[in-house]
1. Could you look through the stretch 10-22, keep only residues that are modelled with pLDDT of 95 or more and surrounded by 24 or more Cβ atoms within 10 Å (Cβ to Cβ), and pick out the one that is farthest from residue 180 (Cα to Cα)?
2. Considering 82, 69, which residue is over 19 Å from residue 152 (Cα atoms), buried (at least 21 other Cβ atoms within 10 Å of the Cβ), in contact (Cβ under 8 Å) with a residue 24 or more places away in the chain and in contact with a helix residue (DSSP H, G or I) (Cβ under 7 Å, 6 or more places away or on another chain)?
3. Just one of 104, 58 is free of Cβ contacts under 8 Å to residues at least 40 places away in the same chain, over 18 Å from residue 187 (Cα atoms) and within 16 Å of ligand 2 (Cβ to nearest atom); which is it?
4. Please go through the stretch 92-106 and pick out each residue that is buried (at least 23 other Cβ atoms within 10 Å of the Cβ) and either within 13 Å of ligand 1 (Cβ to nearest atom) or part of a strand (DSSP E or B) (or both).
Ligand SMILES: [Zn+2]
Ligand SMILES: [Zn+2]
């Protein structure tokens with residue numbers, strides 16, 4: 001079955017899909033999706049209340065770089081060190097995945113160690129070069145190898161994702177804990193990634209101006 005470990009909604013400042021959109025997509029496509037908004041948990045709780053194919057989570061802005069927490073039901077405090085963030089995620093019963101490790105400024109790079117449950121070696125919004133570097137760097141480390149879309153728009157969900165043996169959200173988390181996952185898909189074209197940055201900027205501005213507020217959708 002397929003799992004997308006890293007998807008954003010309107011609860012992220014630059015996200016566009018609603019929790020309901022994501023929940024419906026998971027049911028329609030029969031895939032497992034983790035909702036992981038930036039330093040926020042509400043969108044994932046909302047999506048999880050609509051579909052059992054949704055894993056709750058959040059993307060934590062740790063001091064060292066972004067860390068995806070899956071299977072947690074509360075927000076994890078940002079700006080702690082990477083080690084403290086991983087410990088906190090484990091205390092909450094979740095799994096910790098290093099997001100896009102070689103993306104400039106937002107990734108942990110070589111600071112990812114075996115305390116992590118997994119690492120994104122294929123992120124649809126990272127460059128092919130950054131993903132290749134992640135694969136090369138982490139292929140021999142005994143942590144789960146993860147593919148994710150990092151989608152901010154509905155149509156990009158599962159453009160890259162993770163294959164696992166099982167049928168449920170619980171099976172997906174267990175597969176990560178046991179390091180039995182396989183990344184699948186390919187990154188978006190650079191032109192699309194650049195367009196997304198522009199779209200994300202306008203969504204951000206609209207929200208700042210109060211033109212767009214879909215939090216009740
Ligand atoms: Zn990120
Ligand atoms: Zn993200």
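The values are calculated or read from the model by the stated rules, or taken from the named source; none is laboratory data. Please read all numbers here as calculations on a predicted model, not as lab measurements. For neighbour counting, all protein chains shown are included, and Cβ atoms are generated from backbone atoms with ideal geometry for every residue, glycine included.
1. Selected residue: 19.
2. Residue meeting the stated conditions: 82.
3. Of 104, 58, the one residue that is free of Cβ contacts under 8 Å to residues at least 40 places away in the same chain, over 18 Å from residue 187 (Cα atoms) and within 16 Å of ligand 2 (Cβ to nearest atom) is 58.
4. Result: 95, 96, 97, 98, 99, 100, 101, 102.
Per-residue answers, yes or no, for (1) out of contact with any strand residue (DSSP E or B) (no Cβ under 6 Å at 6 or more places or on another chain); (2) within 18 Å of residue 162 (Cα to Cα); (3) within 16 Å of ligand 1 (Cβ to nearest atom); (4) free of Cβ contacts under 8 Å to residues at least 24 places away in the same chain:
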site	(1), (2), (3), (4)
8	no, yes, yes, no
13	yes, no, yes, no
19	yes, no, no, no
29	yes, yes, no, no
32	no, yes, no, no
42	yes, no, no, no
47	no, no, no, no
50	yes, no, no, no
